[in-house]
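The values are calculated or read from the model by the stated rules, or taken from the named source; none is laboratory data. Note that the structure is predicted; figures quoted are calculated from it, not measured. All Cβ positions, even for glycine, are placed from backbone atoms using ideal geometry, and neighbour counts span all protein chains on display.
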Amino acid sequence: MTTAAEPVAAAEGSPASQPAKTPANPLLDFSIEKLHEAYREQAYDRMSEQFLAVLDHLRNITYYALDIPTKHALNSFLKHLLYFLSQEDYVLSDAYASRFIDCNGVISNAVAISDFGNTDPYLRILLGQQRNFTKLLTLYSARNKVKIDRKLLFGTSPALATQWYYCFTEGYRNGCADETTLANLREHIAYEDDRIIGINSFTHHAYFGATYIGHEHDYLVKQRINRLFQATPLCSQPIRNTPKKGRIAVLTSMWFKRQSVYRSQQPFIEALAKDHDLVLVQLGRDRNDFDTSLFSEVRRYDASKDASDISAIQDNDFAMAYYPDIGMSIESIILANMRIAPVQVTNYGHPVSTFGSKIDYWIGGQETEAVDRAREHYSERLVLIPGCAQAPVPLDYQLQYPQLPVSPIIINCTWSGQKINSDHLRRLRTIADRAKTPVKFHFFPGGAILGNGFIPLDRAIKNILGEERVQVLPDLVFEQYMPALESAHFALDAHPFGGYNTAVDLLTLRKPIVTLAGNRFYNNSTAYLLSRVGLDELITRSEQEYIDLGVRMIDNPEYRDRMIRRLKTADLAKTVLSHEHVPAFVRALDHLLDNHDTLVKQPGREPIFIN
């Protein structure tokens, strides 16, 4: 994946502009003549290959702007793709059915970028045809207003409908900002069908994305998916474990230096490595930037090559399996639904319970958990250590102190694409409408907008907030990201899913944050950090408080400057960036290793407190 648009795709002066690197562009080089020639010869597989070459390009290259030739080429390609998919004699052979369904999200994004908007007219045409099943699954996404009965889809082919069901949920990455798309996604994940069979490479979109789609009901989705995993031969393979004292496997796909999981847990693993023998089980595709420095051994499990090849963990001597980021890779979900070690533990890498996997314990923060709701929020037994159960890696960045305008007031919204939802955007709209001073919201959706999700997300945000009030930034590298963050007056936190690492970033830059606190780590972590630096008054507890405080931060420069001054005098090393609770993390894992046999016999799942 690359975040840079090809030069022909970028408008002059746009962030994506760069020197040409690739000699060919499958979109611009798409041959209508060859397509029609293949159609006349009834060489339908050849047509499919032509279409898929461009769709693969659109998956791998994200356009941040469209110049006239590129927009024309995109419209032309989609015109032919949609036209031929609606022709009854063009049949997708079995060899191509799965590949086209996998492109559901990419096609949805591409059509949203184009002048077509969505595929509704073509779905209506297809619904009146025979042999339309695979084509419907290819074109029916969360952006459609046309409704198709899911029961009929599963009644036709449970296997292909299951594949489509998971591909449909990929819309969470950038679609929650659009009211119609969000409503469709919520309806989709609520759907249950006993004919949903097995798993595929897109399953993790439902597992991971359910929280962003509907955070109060994500447990239902995860429970269903865990049961499906555990019923597969893949997760039923025998594991031969002969535990060796002090030997701990760390299973992660995110152990590289700019990644948020690494940035909030590396100090824990570094402390653990002092008296324990750590094995890194690298999940997913190979990367050359994994930090392997703390591990005595490195193993690898890549489900995209051969999901059934679990040799990395099948014979092991792990006393504990520790997962920093379950749900962020398909491999992590597979292995979390297996018993590979006698003690299995996870943490806030992705701060949502697995709700029914084979994980025994969740390391949580005493200051960020609603202890009385532990059984509701976690299927794992909660183990509470002091603080917030995160340990940040300090940023290597020199403050630049840019000159900020008096007007408009620039507001950072450091919300990854999946956290941008229409409900919260309407709160921002109310803030902007009420404020007397003009505002400019800066959004940082990050990698969620790859696969050409950027332009549809940009449009959805501007449809609610107004184009003049919004700038959506592309997926920036660190050297661009930090100065962009610094070029704002203050920040508004996302809701209901806030951000721990982004709050650390902003406070490190001395940027105040207004947050709407809740009752889970993911909407309490920013409040915890604000409290640590003495800015409790920026913590709100209701929608109205959030809106009122947002308006005050915009229109009252004296108040805003006072918040900034207090933040500038805060000792970040002893507050936001403190590692004082790192030893408690190690004590927690040692306690579990030493007492697991006793703990599992205890009735109930009362939280365990580690001091």
query = What residue, of Tyr191, Tyr219, Tyr207, Tyr212, is hydroxyl-bearing (Ser, Thr, Tyr) and loosely packed, with under 15 Cβ neighbours inside 10 Å?
reply = Tyr191
request  = Among the residues of the stretch 342-357, write down those that are touching a residue at least 60 places away in the same chain (Cβ under 8 Å) and either farther than 22 Å from Thr526 by Cα or not in a loop (DSSP other than H, G, I, E, B) (or both).
outcome  = Pro342, Val343, Val345, Thr354, Phe355, Gly356, Ser357
note = Of the candidates Ala159, Ala177, the one satisfying the condition of being among the small types (Gly, Ala, Ser) and surrounded by 23 or more Cβ atoms within 10 Å (Cβ to Cβ) is Ala177
query = With Phe268, Phe256, Phe290 as the choices, which residue is of a type in the set (Phe, Trp, Tyr) and over 22 Å from the mean Cα position of the chain (by Cα)?
reply = Phe268
request  = Considering (1) of a type in the set (Asp, Glu); (2) out of contact with any strand residue (DSSP E or B) (no Cβ under 9 Å at 6 or more places or on another chain); (3) more than 30 Å from His377 (Cα to Cα), say which one Asp536 fails and leave the rest.
outcome  = (3)
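Can you pull out the residues in the stretch 598-607 that are closer than 16 Å to Pro342 by Cα and loosely packed, with under 13 Cβ neighbours inside 10 Å?
Passing the criteria: Thr598, Val600, Lys601.
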task = Return only the number of the condition from (1) within 23 Å of the chain's Cα centre (by Cα); (2) closer than 30 Å to Tyr191 by Cα; (3) not polar (S, T, N, Q) that Leu234 does not satisfy.
result = (1)
note = Restricted to the stretch 369-401 and to residues being of a type in the set (Asp, Glu) and in a loop (DSSP other than H, G, I, E, B), the residue farthest from Ser260 (Cα to Cα) is Glu380
ask   = Do we find a residue being in the same structural domain as Asp360 (by TED's automatic domain parsing), over 31 Å from the mean Cα position of the chain (by Cα) and in a loop (DSSP other than H, G, I, E, B) anywhere in the stretch 572-595?
value = no
note = Going through the stretch 409-450 in order, the residues found to be surrounded by fewer than 23 Cβ atoms within 10 Å (Cβ to Cβ), without any contact (Cβ under 8 Å) to a residue 40 or more places away in the chain and outside any helix (DSSP H, G or I) are Pro438, Lys440
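Select from the stretch 495-521 the residues that are aromatic (Phe, Trp, Tyr) and more than 19 Å from Thr575 (Cα to Cα) and list them in ascending order.
Selection gives Phe497 alone.
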task = Please specify each residue of the stretch 476-508 satisfying the condition of being buried (at least 21 other Cβ atoms within 10 Å of the Cβ) and farther than 16 Å from Ser416 by Cα.
result = Ala488, His489, Phe490, Leu507
key: Hits in the stretch 256-276 (condition: within 15 Å of Phe295 (Cβ to Cβ) and part of a helix (DSSP H, G or I))   = Tyr262, Gln265, Gln266, Phe268, Ile269, Glu270, Ala271, Leu272
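To keep it simple, each residue is scored yes or no on (1) closer than 29 Å to Gly128 by Cα; (2) of a type outside the set (Asp, Glu); (3) modelled with pLDDT under 95.
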{"position": "Leu27", "(1), (2), (3)": "no, yes, no"}
{"position": "Tyr39", "(1), (2), (3)": "yes, yes, no"}
{"position": "Ala65", "(1), (2), (3)": "no, yes, no"}
{"position": "Tyr90", "(1), (2), (3)": "yes, yes, no"}
{"position": "Asp102", "(1), (2), (3)": "yes, no, no"}
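For (1) surrounded by fewer than 16 Cβ atoms within 10 Å (Cβ to Cβ); (2) within 13 Å of Pro512 (Cβ to Cβ), each residue gets a yes or a no:
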position	(1), (2)
Ser542	yes, no
Glu545	yes, no
Pro557	yes, yes
Arg562	yes, yes
Asp571	yes, no
His581	no, no
Leu589	no, no
Leu593	no, no
His596	no, no
key: Within the stretch 66-92, tally of residues that are of a type in the set (Gly, Ala, Ser) and either under 21 Å from Ser201 (Cα atoms) or assigned to a helix (DSSP H, G or I) (or both)   = 2
note = Condition set crowded, with 21+ Cβ neighbours inside 10 Å and in contact with a helix residue (DSSP H, G or I) (Cβ under 8 Å, 6 or more places away or on another chain), scope the stretch 279-297, selection nearest to Asn316 (Cα to Cα): answer is Val281
